[in-house]
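These notes are about the structure you will find just below.
We did not get these values from a lab; they are worked out from the coordinates using the rules stated. Keep in mind it's a predicted model, so treat the numbers as computed, not measured.
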Amino acid sequence: MRRVRPLGCALTLLGLLASRPALAASCSVSSSGVNFGAYDPADAADTRGTGTVRLSCDAAVTASVALSGGGRSATDHAMSNGISQLGYGLYTDAQRSTLWGDGTGGSQTVAFDGTVVDRSVYGAIPARQRVTAGSYADTITLTVSY
């Protein structure tokens, strides 16, 4: 079963559900985009934002959620405005020390256990990137395996 749900924000997260055997739980995934707000290239601090991923199932499951896609790769993301790109990272923790990705390149997937589970997605745009003014956006794919 596959479900895709785009959301409109600075960063859009799309959900895909992996195939499941007959008589298994039925699940859906939803997400809120990561909204970074305004980015100031002269600011010495990273710009941070937070979003949420929700997995809802009709029976308890143990699932793994991977984030991939985006402007560059699962661990090196970039939002675009025309040809200008603004790099950022997605993390599993508020300290932004563990990359949330697809399990490659030092990234981790995130476990979901239960029937309705919310997990935060923590984003950070590194400081002092030279970019043109305007709105930047990217789309990430969520893959849920259970």
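Worth pointing out:
- Residues with amide H under 5 Å from that of ALA127, placed H, sequence gap 5 or more: ASP46, THR47
- For the stretch 44-61, 3J(HN,Hα) computed residue by residue from phi via the Karplus equation (6.51, -1.76, 1.60; θ = phi - 60°) reads 7, 9, 4, 9, 10, x, 9, x, 9, 10, 10, 10, 10, 10, 7, 8, 4, 9 Hz, glycine and proline entered as x.
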